[in-house]
Amino acid sequence: MRLILSRKGFDSAAGGVASPILPDGTMLSLPIPEEASPIRYRDIRLHGHDVGQVVADLTRRKVAADAGAHLDPDLVAAAIPRPAGWRPLFGQADNEQRVLEREGVGVGDVFLFFGWFRRVEERGDRYAFVRGAPDLHVLWGWLQVGEVVAADRSTAPPWATHHPHFSDTPRRPNVLYVAADHLVLDRVTTDLPGAGVFGRYHDDLCLTAPGCTRSVWRLPGWFHPDGGRMLGYHGDRRRWSRDGEHAVLRSVGRGQEFVFDAAGVPAAGVWVRRLIERASSIAQEGGTAHG
């Protein structure tokens, strides 16, 4: 199994602000703007929240509620109306898809999506960032690959053709990663969903090391290259150190898809399962989590 730490959602270049952690801990990963998209921010609802309002408030109307949204990864069934047969999916193209192809990413591998988050509060009838709240890189969703298909209208399943990778702009390569129905770890099929979102913040989801800038991460110790594996884009060992049982990484500012070959690392599957089990337990208790 490969783990892919995949950077997605608003950033300083696309959107210009962090995605919010709401007062109750609910996380909303904001899709990046895309002018040509038929999906408007006002069309999207995540965990009962109007994403158009959230985007307009936090960007101070620099991104309007009726602006186009690149809804990818597309993990939450209730986000927009769906055609019959819809499944969670994620698209990648061009150079970053070449990275995934070079690393052999395919069926059974797990994307862990992360992004830039910050706590917000309600001020009257609008959302605003909490003054002094830290900027964090946080894991917000996952997708285990069940199928890989070309983003080609002639061959892709009809329920997938709403996806933003079906655009008039030619992109090569251009691929859709369709979610598995259930999470499979160490060849054992679990009762956990193959894709979803970690709807509510908790510290285990935070990549950013305590008290550090958001690009300094504290990861499980088995990520450290001394174990013989290297996280993609992070081959410079000077970026790595140790803090007890954890690996500390000064992560790079560029790149989207950071691949780690977790084959033969049982602790990796345990880590992934624990994160998803917690998300699923929140959903069963009536909180916000997958789908």
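Sorting Cys212, Cys206 on the 10 Å Cβ count, fewest up front, what's the list?
If I rank by nearby Cβ atoms, fewest first, I get Cys212, Cys206.
Could you compute Rg(Cα) / (2.2 N^0.38 Å) for the chain, with N its residue count?
Ratio of Rg to 2.2 N^0.38 Å for the chain: 0.96.
If you plug each phi of the range 149-157 into the Karplus form 6.51 cos²θ - 1.76 cosθ + 1.60 with θ = phi - 60°, what whole-Hz ³J(HN,Hα) values come out, in order, with x for Gly and Pro?
10, 6, 7, 10, 4, 6, 10, 6, x
Within the chain, which DSSP H helices have Cα atoms that stretch 24 Å or more along the helix axis and a mean Kyte-Doolittle hydropathy of at least -0.5?
Helices passing the filter in the chain: 266-284.
Only bridges with both residues in the chain count here: give the DSSP antiparallel percent, nearest 5.
Beta bridges within the chain, antiparallel portion: roughly 85 percent.
Test of understanding: extend the Cα→C-beta vector of Val252 to 7 Å, then name every residue of the range 205-221 with backbone N under 17 Å from that spot.
Within reach of a label on Val252: 215-217.
In square nanometres and to one decimal, what's the mean projected area of the convex hull around the Cα atoms of the range 128-228?
That works out to 11.0 nm².
What percent does the relative contact order of the chain come to when contacts are Cα pairs within less than 8 Å and at least six residues apart?
Reported relative contact order: 21 percent.
Please give, to one decimal in nm, the separation of the simple spin-label points placed at Arg172 and His49, each 7 Å out from Cα toward the Cβ.
Label at Arg172, label at His49, 4.1 nm between them.
Provide the FRET efficiency to the nearest 0.05 for the Asp152-Arg40 pair, computing r from the beta carbons and using R0 = 25 Å.
The value I calculate is 0.45.
Return one quarter of the surface area of the convex hull spanned by the alpha-carbon atoms of the range 200-251, equal to its mean projected area, in nm².
The directionally averaged projection comes out at 3.9 nm².
Let me test this: with uniform point scatterers at the alpha carbons of the range 4-108, what is the Debye-based log₁₀ I(q)/I(0) at q = 0.11 1/Å?
Values returned for q = 0.11 Å⁻¹ are -0.38.
Divide, for the range 63-208, the radius of gyration over alpha carbons by 2.2 N^0.38 Å, where N is the residue count.
Output field value: 1.17.
Quick note: the coordinates plus some simple rules give every number you see, no bench work behind them. Note that the coordinates shown come from a computational prediction; the quantities given were computed from them, not determined experimentally. We place every Cβ from the backbone using ideal geometry, glycine too, and count neighbours over all the protein chains shown.
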